[in-house]
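The values are calculated or read from the model by the stated rules, or taken from the named source; none is laboratory data. Please read these numbers as outputs of a predicted model, since none were measured by experiment. Counting neighbours? That spans all protein chains shown, and the Cβs are built from the backbone with ideal geometry, glycine included.
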Amino acid sequence: MSGDALVTIAVSALVLGSLYAVMALGLAVVWSSLGIFNFAHGLFMTLGAYVAWQVAAGAGWGLWPGIVAAVAAAMAVGAVACELLVRPFLGRKDVVLVAVITTLAGATLIENGVLLAWGGRPKQLPPLATGTVNLFGAALSAHEAVIVAITPLILLAVWLFLGRTRLGAALRAVAQNHEAALLMGLPAARLYALAFALAAGLAAIAGIFLGAIRFMSPAMGGDPLLKAMVVVIFGGVARFAGPVVAAYLIGLIEAVSTYAIGLYWTPSVLFLFMIGTLMLRPQGLFGGARR
Amino acid sequence: MTRRGVVIGLAALGLLAALPFVFPVPYLRHIFILAFIYAVVASNWDLSLGYGGIFNFAHVAFFSIGVYGYGILTKLAGWSPWAALAAGGVLATLAAVLVAIPVLRLSGIYIILVTFAFAQLVLQLVVSQSGLTGGMMGMVGLPTFQIPGYNLARDGKLGYYFGALALLVVSTAFLRAFVGSRLGLAIRALRDDPDYAAARGISVARQRILTLAASAFFTGVAGAYYAAYLRIASPDAFGVSLLSLLLSILLLGGLASIYGPVVAALVLTFLSEASVDLGPWRHIAIAVVIIVVVRIWPGGLWSALRRLSS
């Protein structure tokens, strides 16, 4: 393996890792606070990308208003999805199963809604920055360089929000002990909606990242959701660092595997990896107790 | 089974047997054939999900393994279609035993995730082995069933209609016998109170393997039958739209009832076929039905009807 190839793999791992970190963090926030797995998460990403496209390219108002609109729209849809798809079932014994079913149905709903609103023709978002950047001899697009650079800032912002603000503390309190949080007078329903809105907003940002790299389609969220699922299982949700570190590791594994054994085998490797993690360490690599 | 149940069951069977002669419309038979197949798949899923309480999301993969097993064995290995039909069931059962291994140690959401990952793994393997499976394009022109001197697709698919009906009857009889047996009682006990059941000497590991394996056999056979009938094997067999349809059949029919999913399969396959022209709206309608049913009738329509009649 030449030095060039190593740099190419490293750069590719960083780009993938950034994308997966932003995607997986939202999934982890919802899982740790509500104890459910949200299969509609990929569609928040799709929705974000399409709203951004509509404002930026469709209406021609530029990318930044598009980003703001996309995050706002995704957050609103996220909160509504929580109210309609998850919260009515939270007390039920089979809530884990029901939530899978209702969020899958929600995903179908949003995907076909996007198809009706924007059609099936592939679209592409304008990049966050134009041109190419040279990094240790590997050329990557400026858009990808921006992704790699601002992802740590986004992660830091979420970490500060969860760890340093009263609202973030309330969210963690509901996640750790639902009854105690209720007794302290925390508005659990609104905090759950907040968790969903936060997750959906992050997914929308991931959608904007991806929408300028690949073509957008109503089904574009499916693959990133599966990758984020592998990441969340691998890292566990008990700590903030779990899914973040796991995202970059999975990005690295994917980049190495794509280089060494090809694009077709790589998804199989990742799913084998996920099954292996679940068999040996279901709480995840960095998980303490399981929830 | 009560006497009234026997009478209703036989009457329904008589109606379904007479139907293709009363209404000799091939398209109607086509929808019924699909409905019978989906009924087999959904009611077998009810065994693991409803009775066993195992959140198995690899069930659709068992069906696809039957589909592709049939395609590969008949087209590439030159097996006779009938042998490949049985092999579809055996392959799906073996896959179920494989899935059972990680499932044994896990519970709740982790079972959903590991079985979901297994289904994705099978899909990825199928798509990546394009030399064997045709990749994303799938396989076409699979051989159909023949009995000497007669092709089941003749006379407006009459043979396929009765074949599918027979498959449904045998599978349903098997499922009823299974849930009524000591084994069936044991898996329900494990679902309702795992610790107590284990303390009474029920082996969690053995019951879970047996439940998954039993739920997979006729699912795999149904997959092979589906492939022989439509003469194609495509990655759509893994798709979310089939998963959604089966889930809505299961939910509408109600978990842990066997007959519920069978009735729901007939109703929903008709609604689904009738609404093909609606495009995306059809999927939206199915999704809304799922959410509303889960919200309003948690036990499914079957239990709602039973409560009404009693």
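One table, with the values for the structure above:
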| quantity | calculated |
| --- | --- |
| Hits in the range B:93-106 - residues which are within 11 Å of chain A (Cβ to nearest Cβ) and without any contact (Cβ under 8 Å) to a residue 24 or more places away in the chain | B:98, B:101, B:102, B:105, B:106 |
| Scan of the range A:122-140 for residues that are more than 21 Å from residue A:74 (Cβ to Cβ) and either at pLDDT 90 or above or among the aromatic types (Phe, Trp, Tyr) (or both), ordered by number | A:136 |
| Cross-chain or 6+ apart pairs with Cβ under 8 Å, the range B:114-139 first and free of Cβ contacts under 8 Å to residues at least 12 places away in the same chain and facing chain A (nearest Cβ under 9 Å), then of a type in the set (S, T, N, Q) and surrounded by 22 or more Cβ atoms within 10 Å (Cβ to Cβ) | none |
| Residues of the range A:178-194 satisfying the condition of being farther than 14 Å from residue A:166 by Cα and surrounded by 20 or more Cβ atoms within 10 Å (Cβ to Cβ) | A:192, A:193 |
| Segments classed as helices (runs of 4 or more DSSP H), wholly inside the range A:211-291, with at least 2 members that are within 11 Å of chain B (Cβ to nearest Cβ) and buried (at least 16 other Cβ atoms within 10 Å of the Cβ) | A:222-235, A:266-280 |
| Yes/no for residue B:142 being in contact with a Lys or Arg (Cβ under 7 Å, 6 or more places away or on another chain) and either at negative phi or away from every other protein chain (no Cβ under 14 Å) (or both) | yes |
| Odd one out for residue B:56, checked against (1) surrounded by fewer than 24 Cβ atoms within 10 Å (Cβ to Cβ); (2) within 14 Å of chain A (Cβ to nearest Cβ) | (1) |
| Tabulated pairs, the range A:138-165, first closer than 20 Å to residue A:15 by Cβ, second assigned to a helix (DSSP H, G or I) and of a type in the set (D, E, K, R), C-beta under 8 angstrom, 6+ apart or interchain | A:138/A:4 |
| Residue ID - surrounded by the most Cβ atoms within 10 Å (Cβ to Cβ), chosen from residues in the range B:86-118 that are among the hydroxyl-bearing types (Ser, Thr, Tyr) and part of a helix (DSSP H, G or I) | B:115 |
| From the options B:266, B:246, B:250, B:242, residue that is of a type outside the set (Val, Ile, Thr), farther than 20 Å from residue B:55 by Cα, assigned to a helix (DSSP H, G or I) and at pLDDT 85 or above | B:266 |
| Checklist (1) closer than 30 Å to residue B:14 by Cα; (2) surrounded by fewer than 19 Cβ atoms within 10 Å (Cβ to Cβ); (3) in contact with a strand residue (DSSP E or B) (Cβ under 8 Å, 6 or more places away or on another chain) applied to residue B:148, failing item | (3) |
